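Each remark here refers to the structure printed beneath this line.
The values are calculated or read from the model by the stated rules, or taken from the named source; none is laboratory data. All values reported here derive from a predicted model rather than from experimental measurement. Glycine also receives a Cβ, built like all others from the backbone with ideal geometry; neighbour counts cover every protein chain displayed.
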Amino acid sequence: MLESCHNAQERWGGVHLLIDRWLQARRELIATFERLSGLPETSPLTRDQLQEFCGTLVDYFSAGHFAVYEQLIGEAKAFGDNGAVELAERICPRLEALTDQALTFNDHCDQTDCTDRPELQKQLKALGGLLHERFELEDCLIEVLHTAHSREDTEPA
């Protein structure tokens, strides 16, 4: 998962400051996720470790929904790229569903003691699959909605 984040940063890093920050937040989310999910079952897990991860998770998802997606879709609309807008309209409902599932995990951890290792490992494994799918969809949005328009801005007329 961390490798795919690194590849995304290489492809789109520097293109837009908002995307750069968001991809850095993704990197932090992945690192926190891997630290948490990689702990041996015999290692103690603290509530603070879990809260750190959940905070990073919610921050990342919020930035996507309330800043990055809007920016990318607005950019596509400004360029009159109806195909890109249609793609976003197809992808965004799935991103919203993935967000709901991640927020359910966060709420569960807020309301209960999620330090039960076997159950938490099972939940983290499922969440890892959701994160992977989300990152792929987000990369698709970046590719279609932003990168093509960036090239149009820099190509000679």
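Figures for the structure shown
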{"item": "Filtered residues of segment 37-74 (kept if among the aliphatic types (A, V, I, L, M) and within 30 Å of Glu143 (Cα to Cα))", "result": "Leu57, Val58, Ala63, Ala67, Val68, Leu72, Ile73"}
{"item": "Hits in segment 58-80 - residues which are touching a helix residue (DSSP H, G or I) at 6+ places or on another chain (Cβ under 7 Å) and at pLDDT below 90", "result": "His65, Ala67, Val68, Tyr69, Gln71, Leu72, Ile73, Glu75, Ala76, Lys77, Phe79"}
{"item": "Total residues in segment 74-110, condition small (Gly, Ala, Ser), closer than 20 Å to Gly129 by Cβ and surrounded by 15 or more Cβ atoms within 10 Å (Cβ to Cβ)", "result": "1"}
{"item": "Test result for Arg151, more than 18 Å from Gly55 (Cα to Cα) and either among the polar types (S, T, N, Q) or at pLDDT below 85 (or both)", "result": "yes"}
{"item": "Residue list for segment 45-63, restricted to those being over 23 Å from Pro118 (Cβ atoms) and over 16 Å from the mean Cα position of the chain (by Cα)", "result": "none"}
{"item": "Any hit, segment 98-118, residues being in a helix (DSSP H, G or I), closer than 17 Å to Ala25 by Cα and of a type in the set (Val, Ile, Thr)", "result": "yes"}
{"item": "Residue check for Ile73: in a helix (DSSP H, G or I), of a type in the set (A, V, I, L, M) and closer than 18 Å to Leu23 by Cα", "result": "yes"}
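Residues checked against (1) buried (at least 18 other Cβ atoms within 10 Å of the Cβ); (2) touching a residue at least 12 places away in the same chain (Cβ under 8 Å):
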site	(1), (2)
Glu41	no, yes
Asp48	no, no
Thr112	no, no
Glu133	no, yes
Val144	yes, yes
